[in-house]
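The values are calculated or read from the model by the stated rules, or taken from the named source; none is laboratory data. These numbers were taken from a predicted model, which means no experiment stands behind them. Note that we place each Cβ from the backbone using ideal geometry, even for glycine, and neighbour counts take in every protein chain shown. The accessibility values were calculated without ligands, DNA or RNA, using every heavy atom of the protein model including side chains. Shrake-Rupley method; radii C 1.70, N 1.55, O 1.52, S 1.80 Å.
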Amino acid sequence: MSGTPIELEHASRFYGSGSQQVRAVDDVSFTIEPGETLCLVGESGCGKSTTGRMMAGLLEPSEGRVLYGGKDVGKLPQEEKKRFRRAVQIIHQDPYASLNPIRNVTQILSAPLRRHKLTKSRSELGTKLRELLETVGLTPPEEFLRKHPHELSGGQRQRVSVARALTVNPEVIVADEPVSMVDVSLRIGLLNMLLKLQQDLGVAFLFITHDLAVAKHFSWEGRIGVMYLGRMVELGSTQRLVREPVHPYTRALISALPEADPELTRHKERLRLRSPDIPSLLNLPAGCPFHPRCPKYEEGLCDTDRPAEDAVALDGHLAACYVAARELGQGDRIPESSRTAGAEARRRTA
Amino acid sequence: MSEPVGATQGAGRNQVLRVRDLEIGYSTDRGLVRAVRGVSFDLEDDDSLAFIGESGSGKTTLGLSLVRLLPQSASIARGEIVFHTASGGELDLTDLDDETLRRFRWRECAMVFQSAQNALNPVMRIRDHFADTARDHAETDGVLKGRALTERATECLQLVQLDPDRVLRAYPHELSGGMRQRVMIALGLLLNPRVLILDEPTTALDVLTQRAIIEVLRELREGHRFAMIFVSHDLSLAAELADRVATTYAGRIVELGDVEQVFYHPRHPYTVGLLDAVPTLAGEHQELSSIPGSPPDLIDLPSGCKFHPRCPYATDKCREEDPPLIEVAPGQTAACWHWEKVGSDWEARGGERHERDANRA
């Protein structure tokens with residue numbers, strides 16, 4: 001499968017207007033390379049789904065651009081736009097809502113094949129459908145071809161959604177919480193199937209989840225991006241991010257996550273947040289959006305300027321935190337204003 | 001089969017709840033849904049018992065039956081639920097008149113419902129929720145009201161780390177999901193119940209909020225003497241908060257034991273399957289596998305052991321006979337014909353698990 005990188009370049013998405021304007025995604029940049037897996041992790045309202053929808057071309061950025069092979073998707077000529085549409089497919093969270101209940105599996109899967117003229121004859125269509133169902137682990141395919149969504153379990157429906165995304169040979173699949181509504185015992189089966197697709201077909205994934213443990217499992221060889229209140233706060237290789245998180249928010253998430261192991265989870269190191277409550281997107285704090293909750297908060301330094309996504313940059317591992325930047329010897333990346341304000345505040349309290 | 005193991009009579013511990021051979025069904029157009037089948041367990045007054053299982057395993061129905069809030073279409077076909085009240089009496093919950101039931105709920109046993117979003121009345125201030133609960137469930141002569149009510153409500157809200165001044169005046173929509181969930185817990189505590197039932201208390205909440213709720217529940221249990229039953233599909237919640245864990249499948253308890261026993265020495269293949277299916281954040285990358293097949297149709301259950309169509313250990317015996325819950329270790333029971341094999345296979349894999357544990361440290 002040929003690959004073209006897809007890039008978000010300073011992409012933002014706003015909802016509402018005036019004082020009611022919500023910056024759901026605010027100045028987020030990253031690239032998905034061909035065949036790569038990137039997991040977006042964050043709590044509800046952090047903008048991870050909106051980011052995914054921009055990447056899939058379902059939402060236009062309010063500011064910034066989506067680039068497909070270096071070209072602005074918003075300005076692509078018809079033909080290339082169509083290619084982009086096929087190249088990026090999305091799998092939605094709710095398998096009960098994303099499949100048409102009155103269509104059977106054959107109809108659901110053959111619609112995109114016909115639309116994009118990917119099969120020429122009836123027999124070719126039949127072969128293709130069988131192939132698709134086998135790829136997503138719905139075997140034997142004959143058993144599923146005539147079924148309607150209501151005759152399938154949550155896990156099976158989600159597999160049909162995946163098969164539908166695969167009909168057009170996508171380069172990237174945006175998977176928005178694809179397993180969160182599936183029973184625990186079936187979840188890993190679905191994840192392992194997606195992993196296999198990634199390995200066998202070389203499909204790139206933008207995998208969106210609130211569950212850091214799932215992200216770790218899915219993108220062990222890939223990257224994780226952690227979002228908070230519309231911003232990317234940390235982005236780096238999964239193994240490094242899980243073992244040595246840089247941003248205090250990532251560290252808080254890791255320390256807060258309960259684990260299915262009584263000894264481990266009861267003796268985990270806890271990070272005490274300064275406040276349990278998440279600020280409203282309508283009334284974002286100045287400076288770093290995490291500062292009202294952050295255990296590392298320093299007056300002046302953290303509430304003056306908003307830290308850039310790459311305030312910390314260590315071999316491609318990025319984190320938006322000035323305190324971490326200073327601790328890691330990258331204090332020169334802190335803007336003058338925050339440095340001065342921080343120093344002043346320290347002098348006052350001393 | 002009707003005498004579950006694991007009911008220790010330690011010094012100073014009193015039994016609050018005894019459930020025997022409970023059978024609950026829902027009548028539907030398609031037939032009888034057998035949601036709870038022959039469930040038996042005991043609960044001590046400082047016990048924390050978690051029911052874990054997937055959707056449709058009957059765990060919510062079980063929780064609802066303990067406060068007699070089952071919907072109309074449900075009926076208790078058999079069994080007994082005996083509650084030992086604070087005053088030393090015994091109540092059979094399957095047979096209570098409305099007045100006794102009204103006084104039983106919230107004073108003896110309270111429930112925190114799933115999805116706090118929908119459980120609070122959107123047009124009532126939080127203060128009025130407390131007043132309503134007090135009025136409906138308190139004894140007629142000693143209704144909590146006025147200043148006493150405010151004091152008690154304030155106390156309960158502080159226990160769950162909410163600011164009473166702000167929260168009492170607020171409407172539900174002014175609070176976040178995590179705050180509403182904590183309000184629900186505070187409401188449950190209002191009348192000092194001896195048993196608190198929590199149905200998926202942290203589902204649909206974000207990680208940091210979930211952590212706050214877990215810590216609140218842990219502190220409550222340390223400072224106050226009450227028993228807790230919680231029902232969840234989330235194994236990690238049980239790992240955090242439970243003293244004992246009951247794995248449920250197709251309406252039955254298939255394994256019951258101390259939390260360490262169930263997590264570190266499971267003897268039922270379904271428990272093993274669940275443990276193998278949950279990714280952990282700590283440690284190296286693990287191979288995870290799912291349980292093949294889907295949970296059964298509760299109207300048309302398979303013969304014999306209900307797990308046999310998905311079980312790697314299934315033999316003809318499993319297809320024919322449903323295994324009883326038998327003692328597999330002191331305080332641990334499992335319903336599997338092949339529990340010894342399941343156990344030795346698990347322990348044989350122990351090396352690999354210990355390595356994983358070492359990596360986590």
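For the list (1) more than 10 Å from chain B (Cβ to nearest Cβ); (2) open to solvent by 20 Å² or more (accessible area, probe 1.4 Å), I need the number of the one condition that residue A:227 fails.
So residue A:227 meets the others, but not (2).
Pick from region B:289-325 the residues that are open to solvent by less than 30 Å² (accessible area, probe 1.4 Å) and among the small types (Gly, Ala, Ser): which of them is farthest from the other protein chains (Cβ to nearest Cβ)?
B:304
Can you spot a residue in region B:189-203 that is within 14 Å of chain A (Cβ to nearest Cβ), surrounded by fewer than 23 Cβ atoms within 10 Å (Cβ to Cβ) and touching a residue at least 60 places away in the same chain (Cβ under 8 Å)?
yes
Hey, among the residues in region B:83-135 that are among the small types (Gly, Ala, Ser) and within 22 Å of residue B:226 (Cα to Cα), which one's nearest to the chain's Cα centre (by Cα)?
Checked region B:83-135; the qualifying residue nearest to the chain's Cα centre (by Cα) is B:110.
If residue A:117 meets every condition in (1) buried (at least 18 other Cβ atoms within 10 Å of the Cβ); (2) at pLDDT below 90; (3) more than 27 Å from the chain's Cα centre (by Cα) apart from one, which number is that one?
The single condition residue A:117 does not satisfy is (1).
Is it fair to say residue A:179 is in contact with a Leu (Cβ under 7 Å, 6 or more places away or on another chain), assigned by TED's automatic domain parsing to the domain that holds residue A:86 and buried (at least 22 other Cβ atoms within 10 Å of the Cβ)?
On the way: in contact with a Leu (Cβ under 7 Å, 6 or more places away or on another chain): yes; assigned by TED's automatic domain parsing to the domain that holds residue A:86: yes; buried (at least 22 other Cβ atoms within 10 Å of the Cβ): yes.
It is true that residue A:179 is in contact with a Leu (Cβ under 7 Å, 6 or more places away or on another chain), assigned by TED's automatic domain parsing to the domain that holds residue A:86 and buried (at least 22 other Cβ atoms within 10 Å of the Cβ).
Assess whether residue B:218 counts as being surrounded by fewer than 23 Cβ atoms within 10 Å (Cβ to Cβ) and more than 12 Å from chain A (Cβ to nearest Cβ).
No: the conditions fail for residue B:218.
Residues in region A:272-280: is at least one touching a residue at least 24 places away in the same chain (Cβ under 8 Å) and farther than 27 Å from residue B:239 by Cβ?
Applying the first criterion (touching a residue at least 24 places away in the same chain (Cβ under 8 Å)) to region A:272-280 yields A:278-279.
Then keep just the ones that are farther than 27 Å from residue B:239 by Cβ; that gives A:279.
The answer is yes, given that some residue of region A:272-280 is touching a residue at least 24 places away in the same chain (Cβ under 8 Å) and farther than 27 Å from residue B:239 by Cβ.
Filter region A:304-348 down to residues that are in contact with a helix residue (DSSP H, G or I) (Cβ under 7 Å, 6 or more places away or on another chain), open to solvent by less than 40 Å² (accessible area, probe 1.4 Å) and among the β-branched types (Val, Ile, Thr), then give me how many there are.
2
A quick yes/no check of all residues on (1) at pLDDT 85 or above; (2) closer than 30 Å to residue B:276 by Cβ; (3) more than 13 Å from the chain's Cα centre (by Cα):
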| site | (1), (2), (3) |
| --- | --- |
| B:184 | yes, no, yes |
| B:187 | yes, no, yes |
| B:194 | yes, no, yes |
| B:209 | no, yes, yes |
| B:213 | yes, yes, yes |
| B:226 | yes, no, yes |
| B:232 | yes, yes, no |
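Is it true that some residue in region B:268-288 is touching a strand residue (DSSP E or B) at 6+ places or on another chain (Cβ under 7 Å), more than 9 Å from chain A (Cβ to nearest Cβ) and crowded, with 20+ Cβ neighbours inside 10 Å?
So far as region B:268-288 goes, yes, one or more of its residues are touching a strand residue (DSSP E or B) at 6+ places or on another chain (Cβ under 7 Å), more than 9 Å from chain A (Cβ to nearest Cβ) and crowded, with 20+ Cβ neighbours inside 10 Å.
In this structure, is residue A:188 within 11 Å of chain B (Cβ to nearest Cβ), open to solvent by 10 Å² or more (accessible area, probe 1.4 Å), touching a Pro at 6+ places or on another chain (Cβ under 8 Å) and not aromatic (Phe, Trp, Tyr)?
no
Would you be able to tell me the number of residues in region A:1-44 that are modelled with pLDDT of 90 or more and part of a loop (DSSP other than H, G, I, E, B)?
Summing the residues that are modelled with pLDDT of 90 or more and part of a loop (DSSP other than H, G, I, E, B) in region A:1-44 gives 6.
Restricting attention to region B:31-50, does a residue exist that is open to solvent by 60 Å² or more (accessible area, probe 1.4 Å) and at pLDDT 85 or above? Walk me through how you get there before you give the answer.
So in region B:31-50, the residues open to solvent by 60 Å² or more (accessible area, probe 1.4 Å) come out as B:32, B:34.
Narrowing the set further to residues that are at pLDDT 85 or above leaves B:32, B:34.
Yes, region B:31-50 contains a residue that is open to solvent by 60 Å² or more (accessible area, probe 1.4 Å) and at pLDDT 85 or above.
Working carefully through the options A:110, A:123, find the one that is buried (at least 17 other Cβ atoms within 10 Å of the Cβ), among the small types (Gly, Ala, Ser) and assigned by TED's automatic domain parsing to the domain that holds residue A:193.
A:110
Residues to consider are A:18, A:64, A:57, A:3; find the one that is farther than 24 Å from residue A:187 by Cβ and surrounded by fewer than 16 Cβ atoms within 10 Å (Cβ to Cβ). If you could, list the steps in order and put the result at the bottom.
Values: A:64 fails: surrounded by fewer than 16 Cβ atoms within 10 Å (Cβ to Cβ); A:57 fails: surrounded by fewer than 16 Cβ atoms within 10 Å (Cβ to Cβ); A:3 fails: surrounded by fewer than 16 Cβ atoms within 10 Å (Cβ to Cβ).
Selected residue: A:18, the only one of A:18, A:64, A:57, A:3 that is farther than 24 Å from residue A:187 by Cβ and surrounded by fewer than 16 Cβ atoms within 10 Å (Cβ to Cβ).
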